[in-house]
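First the structure, in the form of structure tokens, and then the observations on it.
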Amino acid sequence: MNTTHLIAAVAIAFTGIAATAQEITPDTTSFVSSKSRDQVNAELVAARKDGTIKAWSVGYIEPVRSVKSREQVRNELAIAQANGEFAAINAEAGDASRGAAAVTRLSSAR
């Protein structure tokens, strides 16, 4: 009985290994573009101008631009530091001792 179980276990083990070991198959499909580089660049410029480009798509990543002035951001930072919101945001990820209180205080601040 033990020999049968051993043979079955070995067979299952080799089946799992054989299923995951595969050869690399290169893609040999040739690609022919229907547009020139200049046409693609012109489309990119037009999409940037009219705002239709997707900022987080795989290609054409746009920089993130703020709508606030530097002074507005600095004032918001000073307020967040004064009321403890800044410390709570920085503590949520790593400080488990303040977790629930920090989240409660942060949510009530907004």
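Modelled label-to-label distance, PHE31 and ALA46, 7 Å Cα→beta-carbon offset: nm?
Roughly 2.2 nm, to one decimal.
Full-extension gain between ASN83 and ILE7, please, as 0.36 nm times their residue separation minus the C-alpha to C-alpha distance. Provide the component values of the computation, followed by the final result.
Working: separation 76, 0.36 × 76 = 27.36 nm, distance 6.85 nm.
Here the answer is 20.5 nm.
No value in this document is a laboratory result; all are computed from the given coordinates. All of these numbers come straight from a predicted model, not from anything done at the bench. So basically every Cβ, Gly included, is an ideal-geometry build from the backbone, and we count neighbours across all protein chains shown.
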